[in-house]
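**Q** My questions all concern the structure below.
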Amino acid sequence: MKILIVGIGKLGYQLASAFSQKGNDVIAMDKDPEALQRVEEHLDVLPMLNNGFEIDALKEAHIKELDLTISVTDDDETNILVAFLAKRLGSKKVIARVRNPEYDKQASYLKAEMQIDRIVNPDLATANEIARYLTGALPFHTEIFEASKVLVADVHAGNMPDIVGRLIMELGIPRNMLVVAIVRNGQVIIPHGKTQIEPSDTLYMIGTSDSIESFYKAHCQNRIGNVIKSVTILGGGRIGYYLAVNLLSKRMEVKIIESDKPRCQYLAERLGNALIIHGDGTDINLLEDEGIFNSDALVSLTGLDEENLLISLLAKQHGMDRVIAKASRSSYIPIIEKLGVEMAVNPAMITAAEIMRFTYEGNIRSLALLAGGKAELTELVIEEGAYILKDSLAELNLPKGIIVGCIMRADQVIIPDGSTRIKAGDRAVVFTVSSDQQMVTKYFHPVRR
Amino acid sequence: MNYRYVTRIIGLLLVFETAMIAPSLIVSLLNRGSDTMPILWAMVTSLTFGLLMAAVKPKDKRLGVKEGFLIVAFGWVAACIIGALPFYWSGSVPTFVDAFFETVSGFTTTGATVLPDIEIMPRGILFWRSFTHWLGGMGILVLTLAVMPALGVGAIQLFRAETPGPVADKISPKMKDTAVILYVAYMGITVLETALLMLGGVSLYEALVHTFGTVGTGGFSTRNLSVGGLGGAYVEWVIGIFMMLSGINFALYYDLYKGRFKKVLLNEELRYYIGIMLLASTLIFLNLVFTKHTGAYDAIRHAYFHTSSIMTTTGFTTIDYDAWPTFSRLILIMLMFIGASAGSTGGAIKVVRVVVIFKMIKREFFKVLHPRAVVPVTINGRALRPDIVSGIMSFSFLYLLMFLFGSLFLTLEGIDLTSASSAVAATLGNVGPGLGLLGPKGNYSFFNPASKLMLSFMMLAGRLELFTVFVVLSPSFWGRSKKGAQMPQALDNGLE
């Protein structure tokens, strides 16, 4: 695919990186030379120093040949205009990032009238991701395929003390479940039977929902049925706002601590059922006075990654175990998770994953970016003539970084083992480590003659 | 520093070089020359070392800026050492230093030779000698990129360190595609010129050898008299025009192919390049006519050919231009410094840098009159980033410094000033022949080994645009860097 990305901030960079690693032709456009220099040095993309809403600039990027234009500058209005222009000038699909909650309400109007194929809202997406995590009965974020029959879960080994130190083969993993990857100190490890589990590991599991649930229940002692009823949000920015709306709709108790007075006013007017407290989130006295550490979960969403991390650690120390921190720099995520914070959310990555999900490429659909973008889950329809059909999975000798996680054949869900043979027409969920991403085409696409 | 991966890539480069020596082996076999075994042994050596080095398994495939420079600098030296083996083993040159000099001169598309009599050399050797021009012209690593499976992100670092010009232009989003496009254009020009030369009655072998010398802007010939011995005005005009074409940024050929004529016509560097070439040939033509050196037609012919040859840093000759009046000779020396366009196969400072420097000077004048004026330096209507402008200034200054110190070094040989300085200008600019002792009639064989190694260094530094070589030689490159030229964490895709 030929893709133009306008605006190379954190999200733009993440997208350029993800798309170019999958072998797409990516043009990165920004009016700031420094932003471009970063992509130029680290990614195999074509940098273009231009202002995206100049028609000449878009024409210079050969807009008519483009399959997708993504506008993710800092400015909502610019993004809408760029997407609109790009569509009119011939880009097949266009995506715009819009963050302002007021505009978000008119998203459907914009989509219809300005022919913008998709409007993404990183703050909303992030809030939804956190809400999903908080409301799910299981303490892992789940990616649900096939109407909940199959799910992917990531679990910290620390939550299941009895599996730490044991080998994978000793765990008694149910037949309909696989441990596809382990993230250890920020590195993706593809486990085998003899991999030993360390306390800091995060396990990525794929399988039918019952088998994962039963496995989890068998090993996790203390938290069954522990449903979250009250949540404290530090920082009442856009994500905090969307999150509060979401959680309130699920009848949870929500407290927001925000240091900006007018913002508190704004939130209080719009979120009638939430308790809005004006104060400094790093003030421990305030936190204690307000009984923050007694709530079931804490979400730290202030503008500073460092502050989020410290508050989360503080909450940990006060005995909270449901702590989520926002990390705008994706490089912080492994460190934060290593320090025991349950979940570190990165808006850029969540949005990138959402955009990737939207972009079908032939028969491939991206489902999720995992482990800080180092691995990806994709769903593929296997067509006649693909190399993967030749033999059983064990005989094919797939690269280490490619794992077939599950197969959907008609209504049946199959969690494959070495003897499984894929048939044409199957839909497969494949886990790939990004360094092996380009190999997916070789094994799963029909050979072109 | 990812030494394992660096070793592996240089290994792959040598394997690749083995394949590139093969055509010379075929030429040698067809001519039943005495050089078959030396070439074969060079291939065996290259393959052995290449496979051994390529067998090193990298722990991860990360290539940073440093690795890029290291691969290009050492890759070139390794390619030159292996490439020197056929010369040395066939006994064409007396010492290994001579063989190394000749190969460096080939790969860097200089065309400076230590061979006093070319015509007695076996054909396979001569073919290899010219083929190194073709390989080095567009870049051996760029070629390796074009044929090898994707190197991914690291490829950009290699491309940047090897491609001439202040900014490396990517033509297509993917590095590999860019490399392929450049080589397709390169091959297209090669085929066309070979065909045109053959129409002029030149044999396939000699047409190929001279084409390699032309499109790579090298200048090795099969004749002692260079192109002058090849015969005829037609051949001279063909080579003259193709030298000029090879001195143009190859990215423009892609634009031309895509039908973007306006973009090509408005390209500022191209306009100045053609302009300077026409101006220089006219001045030389007038000088030759007024001093009654030759007749008018011959004056046009020789003036154009040598302007084109020297400015593109090719170094083919048809007559002894050293016998020209001093005015014309000095113009040639000036052209040696200006050189061809960025992104072409030619060398020296490059037209675009010279243009930027003149614009800077103009701006300074202007600022004296209007101290508060804000005047950006523009190329093709776009303001250049200040760091690129300062990069151009320091490049040009370093270039002149190298020229001065190189000349100083050569004067220790006890030769005259013209010969010493033109030798450095001709090697640093990858031209080949100079003036005086190194004019079209002379060669570099009389220098002592130390001078030859120094000149080889000049050629490599000139071809790799100074910084690639100097960066690798600088102590901070090898020390533990504080800031680190490593990739950000976000790109850390290592699989353990």
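The values are calculated or read from the model by the stated rules, or taken from the named source; none is laboratory data. No experiment lies behind these values; they were computed from the predicted model shown. With ideal geometry, Cβ positions are generated from the backbone for all residues, glycine too; neighbour counts draw on all protein chains shown.
**Q** Among the residues of region A:62-80, is any of a type outside the set (Val, Ile, Thr) and within 10 Å of another protein chain (Cβ to nearest Cβ)?
**A** As a first pass, look at region A:62-80 and keep what is of a type outside the set (Val, Ile, Thr): A:62, A:64-68, A:71, A:74-77, A:79.
Within this subset, residues satisfying the condition of being within 10 Å of another protein chain (Cβ to nearest Cβ) are A:62.
So far as region A:62-80 goes, yes, one or more of its residues are of a type outside the set (Val, Ile, Thr) and within 10 Å of another protein chain (Cβ to nearest Cβ).
**Q** What pairs come up if the first residue lies in region B:49-78 and is under 13 Å from B:Glu17 (Cβ atoms), the second is part of a helix (DSSP H, G or I) and among the basic types (Lys, Arg), and their beta carbons are under 8 Å apart, counting only those six or more places apart or on different chains?
**A** B:Met53/B:Arg8; B:Ala54/B:Arg8; B:Trp76/B:Arg463
**Q** When region A:233-287 is examined, which residues are found to be over 18 Å from A:Asp305 (Cα atoms) and among the polar types (S, T, N, Q)?
**A** Hits for region A:233-287 are A:Asn246, A:Ser249, A:Gln265, A:Asn273, A:Asn285.
**Q** Then there is this: Do any residues in region B:184-198 that are assigned to a helix (DSSP H, G or I) have Cβ atoms under 7 Å from those of residues that are surrounded by fewer than 20 Cβ atoms within 10 Å (Cβ to Cβ), where the two are at least six apart or on different chains, and which pairs are they?
**A** Close Cβ pairs satisfying both conditions: B:Ala185/B:Tyr254; B:Ile189/B:Leu245; B:Met198/B:Leu204.
**Q** Picking from A:Leu11, A:Leu36, which residue would you name as being more than 8 Å from every other protein chain (Cβ to nearest Cβ), assigned to a helix (DSSP H, G or I) and within 25 Å of A:Gln115 (Cα to Cα)? Before the answer, list the steps.
**A** On the way: A:Leu36 fails: within 25 Å of A:Gln115 (Cα to Cα).
So the residue among A:Leu11, A:Leu36 that is more than 8 Å from every other protein chain (Cβ to nearest Cβ), assigned to a helix (DSSP H, G or I) and within 25 Å of A:Gln115 (Cα to Cα) is A:Leu11.
**Q** Give the residues of region B:427-469 that are of a type in the set (Gly, Ala, Ser) and closer than 30 Å to B:Val65 by Cα, sorted by residue number. Step through it out loud before you land on a result.
**A** Kept after step one, since they are of a type in the set (Gly, Ala, Ser), are these residues of region B:427-469: B:429, B:432, B:434, B:436, B:439, B:442, B:445, B:450-451, B:456, B:461-462.
Those that are of a type in the set (Gly, Ala, Ser) and closer than 30 Å to B:Val65 by Cα: B:Gly429, B:Ser456, B:Ala461, B:Gly462.
**Q** Still on this structure, I have one more. Taking the conditions exactly as written (more than 17 Å from A:Glu342 (Cβ to Cβ), part of a strand (DSSP E or B) and basic (Lys, Arg)), does A:Lys217 satisfy them or not? Break it down into steps so the answer makes sense when it comes.
**A** On the way: more than 17 Å from A:Glu342 (Cβ to Cβ): yes; part of a strand (DSSP E or B): no; basic (Lys, Arg): yes.
Against the criterion (more than 17 Å from A:Glu342 (Cβ to Cβ), part of a strand (DSSP E or B) and basic (Lys, Arg)), A:Lys217 does not qualify.
**Q** Among (1) in a loop (DSSP other than H, G, I, E, B); (2) on the phi < 0 side of the Ramachandran plot, where does A:Arg251 come up short?
**A** (2)
**Q** Taking the condition of being outside any helix (DSSP H, G or I) and modelled with pLDDT under 85, how many residues in region A:14-31 meet it? Break it down into steps so the answer makes sense when it comes.
**A** Filtering region A:14-31 for residues outside any helix (DSSP H, G or I) gives A:22-31.
Among the residues that remain, those that are also modelled with pLDDT under 85 are: A:22-24.
Residues meeting the conditions: 3.
**Q** Take B:Ala461 and decide whether it is surrounded by 13 or more Cβ atoms within 10 Å (Cβ to Cβ), small (Gly, Ala, Ser) and at pLDDT below 90. Walk me through how you get there before you give the answer.
**A** Numbers: surrounded by 13 or more Cβ atoms within 10 Å (Cβ to Cβ): yes; small (Gly, Ala, Ser): yes; at pLDDT below 90: no.
So B:Ala461 fails the test.
**Q** Pick out the one residue from B:Val167, B:Val153 that is within 11 Å of chain A (Cβ to nearest Cβ), buried (at least 21 other Cβ atoms within 10 Å of the Cβ) and either modelled with pLDDT under 75 or touching an Asp or Glu at 6+ places or on another chain (Cβ under 9 Å) (or both). Don't jump to the end; show me each part of the working.
**A** Values: B:Val167 fails: buried (at least 21 other Cβ atoms within 10 Å of the Cβ).
Criteria check complete, one pass: B:Val153.
**Q** Within region B:482-489, identify whether any single residue is more than 14 Å from chain A (Cβ to nearest Cβ) and at pLDDT below 90, and answer yes or no. Walk me through how you get there before you give the answer.
**A** Narrowing region B:482-489 to residues more than 14 Å from chain A (Cβ to nearest Cβ): B:482.
Still in the running and at pLDDT below 90: B:482.
Checked against the condition, which is being more than 14 Å from chain A (Cβ to nearest Cβ) and at pLDDT below 90, region B:482-489 yields at least one hit.
**Q** Sort out for me the strands (runs of 3 or more DSSP E) sitting completely within region A:40-134 that have 2 or more residues that are buried (at least 24 other Cβ atoms within 10 Å of the Cβ), of a type in the set (Ser, Thr, Tyr) and in contact with a helix residue (DSSP H, G or I) (Cβ under 9 Å, 6 or more places away or on another chain).
**A** Numbers: elements: A:46-49, A:68-71, A:93-97, A:118-120.
Ranges flagged: A:68-71.
**Q** Now for a different question. Which of the residues that make up region B:236-295 are among the aromatic types (Phe, Trp, Tyr) and assigned to a helix (DSSP H, G or I)?
**A** Narrowing region B:236-295 to residues among the aromatic types (Phe, Trp, Tyr): B:237, B:242, B:250, B:253-254, B:257, B:261, B:272-273, B:285, B:290.
Once the filter is applied, which keeps residues that are among the aromatic types (Phe, Trp, Tyr) and assigned to a helix (DSSP H, G or I), region B:236-295 yields B:Trp237, B:Phe242, B:Tyr253, B:Tyr254, B:Tyr257, B:Phe261, B:Tyr272, B:Tyr273, B:Phe285, B:Phe290.
**Q** Out of curiosity, is B:Asp177 part of a loop (DSSP other than H, G, I, E, B), within 14 Å of chain A (Cβ to nearest Cβ) and at pLDDT below 85?
**A** Working: part of a loop (DSSP other than H, G, I, E, B): no; within 14 Å of chain A (Cβ to nearest Cβ): yes; at pLDDT below 85: yes.
Here the answer is no, as B:Asp177 does not meet what is asked.
**Q** Taking the conditions exactly as written (closer than 14 Å to A:Ile119 by Cα and of a type in the set (A, V, I, L, M)), does A:Ile63 satisfy them or not? Give the derivation first.
**A** Numbers: closer than 14 Å to A:Ile119 by Cα: no; of a type in the set (A, V, I, L, M): yes.
In short, no.
**Q** Another question about this same structure. Assess whether B:Leu455 counts as being of a type in the set (A, V, I, L, M, F, W, C) and surrounded by fewer than 21 Cβ atoms within 10 Å (Cβ to Cβ). Lay out the reasoning, then the answer.
**A** Numbers: of a type in the set (A, V, I, L, M, F, W, C): yes; surrounded by fewer than 21 Cβ atoms within 10 Å (Cβ to Cβ): no.
Against the criterion (of a type in the set (A, V, I, L, M, F, W, C) and surrounded by fewer than 21 Cβ atoms within 10 Å (Cβ to Cβ)), B:Leu455 does not qualify.
**Q** Filtering region B:218-237 down to residues that are hydrophobic (A, V, I, L, M, F, W, C), surrounded by fewer than 24 Cβ atoms within 10 Å (Cβ to Cβ) and modelled with pLDDT of 90 or more, which residue is farthest from B:Glu268 (Cα to Cα)?
**A** Once the filter is applied, the top-ranked residue is B:Val235.
**Q** Let me ask another. Suppose the filter is in contact with a helix residue (DSSP H, G or I) (Cβ under 8 Å, 6 or more places away or on another chain), of a type in the set (Gly, Ala, Ser), modelled with pLDDT under 95 and closer than 20 Å to B:Glu465 by Cβ; does B:Gly247 pass it? Steps first, answer last, please.
**A** On the way: in contact with a helix residue (DSSP H, G or I) (Cβ under 8 Å, 6 or more places away or on another chain): yes; of a type in the set (Gly, Ala, Ser): yes; modelled with pLDDT under 95: yes; closer than 20 Å to B:Glu465 by Cβ: yes.
Yes: the conditions hold for B:Gly247.
**Q** Of (1) at pLDDT 75 or above; (2) closer than 27 Å to A:Ile70 by Cβ; (3) β-branched (Val, Ile, Thr), A:Ile388 satisfies all except one. Which?
**A** That leaves (2) as the condition not met.
**Q** How many of the residues making up region A:190-208 are surrounded by fewer than 17 Cβ atoms within 10 Å (Cβ to Cβ) and within 17 Å of A:Val152 (Cβ to Cβ)?
**A** Final tally of qualifying residues: 0.
**Q** Of all residues being small (Gly, Ala, Ser) and at the interface with another protein chain (Cβ under 10 Å from one of its Cβ atoms) in region A:17-33, which is surrounded by the most Cβ atoms within 10 Å (Cβ to Cβ)? Just the residue, please. Give the derivation first.
**A** Taking region A:17-33 as the starting set, the residues that turn out to be small (Gly, Ala, Ser) are A:17-18, A:20, A:23, A:28.
Right, trim to at the interface with another protein chain (Cβ under 10 Å from one of its Cβ atoms) and you get A:17, A:20, A:23, A:28.
Details: A:Ser17: 26, A:Ser20: 23, A:Gly23: 16, A:Ala28: 30.
Out of the qualifying residues, it is A:Ala28.
**Q** Report, by residue number, each residue of region B:330-358 that is in contact with a Phe, Trp or Tyr (Cβ under 8 Å, 6 or more places away or on another chain), aliphatic (A, V, I, L, M) and in a loop (DSSP other than H, G, I, E, B).
**A** B:Ala340, B:Ala348, B:Ile349
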